[in-house]
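The values are calculated or read from the model by the stated rules, or taken from the named source; none is laboratory data. Predicted model, so just to flag it, every value in this text is computed and none were measured. Note that each Cβ is placed from the backbone with ideal geometry, even for glycine, and that neighbours are counted across all protein chains shown.
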Amino acid sequence: MIELLVRVGFHDVAEAESFDSALEVYKRDRPKISFVDMVLPGKNGVDLTRAIVSLDPKATVIAMSSIINKKMIRESLEAGAKDFLLKPTNEIALSSVLTMWSD
Amino acid sequence: MGFLPRKTKVKKSEESGLGITRKYSLTRGRSYIVEESPPDISFDAFVNIISTPEAGGCARSVGLAISRQHPDFIRQKYGLERTPIYWLATRTGQEVIAPTNLGILTHTLVGFIDENPCAVILLDGIEYLVSNNEFTKVLRVIDQVNDHIAQTKAIMIIPVDPRAFDQKELALLERNMEKIGRPRAA
């Protein structure tokens, strides 16, 4: 994912591997766009989306998952996610999302 | 008296919207080839188009998927609840099309497009069709459906594993179709 983001022009990218570390990274870096996997160790991506949006109501969170679970997508959108990407993603889908949601 | 072909009418149904944005901007009345394996981009585009609203004449698209992968697996992975899915396999059943029965395959595709001018067709399993038929016969099916699509607002997406074809066959497949780039996945 990082490699793909770099390839489409995002060179300042941070990565986190759990709910807690993601929140720490978010507080520290305040990224313009956060890609949140719906399946995380510990809490799930909907909880993380909710936590990020409660920290910053203007946060741009993009939910990601390797399966399309409509209930989960709706929950993540209700929690504040702006969009959804199916994994593995690709340059076309990613560029489209970035165009839509980045400044 | 003639025989009515099987699967004369595919029951169509629209997927409920996901509330996400359209990520693939494919032109209506065109067919697209995606050189990839596994067919991730093709399925992503298919699901995205039939699950998102569109400006213009096709506010809502109705999909039809034909795949070597089992319909239950596709429904589960891609959350498709209402889209008709046919399995390319040598089994009997309502949702099965035998790879050797190119007539039924053509009839199913053309019939669906006639019924749904805004149809989105995913034809996955060309390699399997070619392993059961001569390449030229499979190409004829694609060309026939392609011609039909050109007269409607339908879209057809065909994933192709480039390792399964030689250069001449790939060129013939690409001849009347647009190519969706082959970006690397992540």
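Key figures
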| item | result |
| --- | --- |
| Hey, A:Ser102 at the interface with chain B (Cβ under 7 Å from one of its Cβ atoms), hydroxyl-bearing (Ser, Thr, Tyr) and surrounded by fewer than 22 Cβ atoms within 10 Å (Cβ to Cβ) or not | no |
| Residue in region A:86-99 that is farthest from the other protein chains (Cβ to nearest Cβ), counting only those that are farther than 12 Å from B:Asn48 by Cβ and in contact with an Asp or Glu (Cβ under 8 Å, 6 or more places away or on another chain) | A:Lys87 |
| The listed residue being over 22 Å from B:Ser61 (Cβ atoms), touching a residue at least 24 places away in the same chain (Cβ under 8 Å), not in a loop (DSSP other than H, G, I, E, B) and not basic (Lys, Arg), out of B:Gly111, B:Gly103 | B:Gly103 |
| For A:Met72: the one exception among (1) surrounded by 15 or more Cβ atoms within 10 Å (Cβ to Cβ); (2) modelled with pLDDT of 95 or more | (2) |
| Residue count, region B:39-58 (criterion: touching a residue at least 40 places away in the same chain (Cβ under 8 Å) and surrounded by fewer than 17 Cβ atoms within 10 Å (Cβ to Cβ)) | 1 |
| Extreme residue, farthest from the other protein chains (Cβ to nearest Cβ), among residues of region B:40-62 that are within 15 Å of A:Asn90 (Cβ to Cβ) and in contact with a helix residue (DSSP H, G or I) (Cβ under 9 Å, 6 or more places away or on another chain) | B:Phe46 |
| Region B:63-106, residues that are within 14 Å of chain A (Cβ to nearest Cβ), out of contact with any Ser or Thr (no Cβ under 8 Å at 6 or more places or on another chain) and under 19 Å from B:Met156 (Cβ atoms) | B:Gln69, B:Tyr78, B:Leu80 |
| B:Arg175 being away from chain A (no Cβ under 14 Å), over 17 Å from the mean Cα position of the chain (by Cα) and not aromatic (Phe, Trp, Tyr) | yes |
| Residues (outside any loop (DSSP other than H, G, I, E, B) and modelled with pLDDT under 95) located in region B:76-100 | B:Gln76, B:Lys77, B:Tyr78 |
| Leading residue by the ranking (surrounded by the fewest Cβ atoms within 10 Å (Cβ to Cβ)) among those in region B:8-38 that are of a type in the set (S, T, N, Q), closer than 19 Å to B:Arg82 by Cα and more than 12 Å from chain A (Cβ to nearest Cβ) | B:Thr8 |
| Among the candidates A:Asp56, A:Asp37, A:Asp20, A:Asp83, residue that is of a type outside the set (Gly, Ala, Ser), closer than 20 Å to B:Tyr78 by Cβ and more than 9 Å from every other protein chain (Cβ to nearest Cβ) | A:Asp37 |
| Residue within region A:7-17 that is part of a loop (DSSP other than H, G, I, E, B), hydrophobic (A, V, I, L, M, F, W, C), within 14 Å of chain B (Cβ to nearest Cβ) and in contact (Cβ under 8 Å) with a residue 24 or more places away in the chain present | yes |
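For (1) out of contact with any Pro (no Cβ under 8 Å at 6 or more places or on another chain); (2) of a type outside the set (D, E, K, R), each residue gets a yes or a no:
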| position | (1), (2) |
| --- | --- |
| B:Thr21 | yes, yes |
| B:Asp40 | no, no |
| B:Gly56 | yes, yes |
| B:Ile66 | yes, yes |
| B:Asp72 | yes, no |
| B:Thr83 | yes, yes |
| B:Ile97 | yes, yes |
| B:Gly111 | yes, yes |
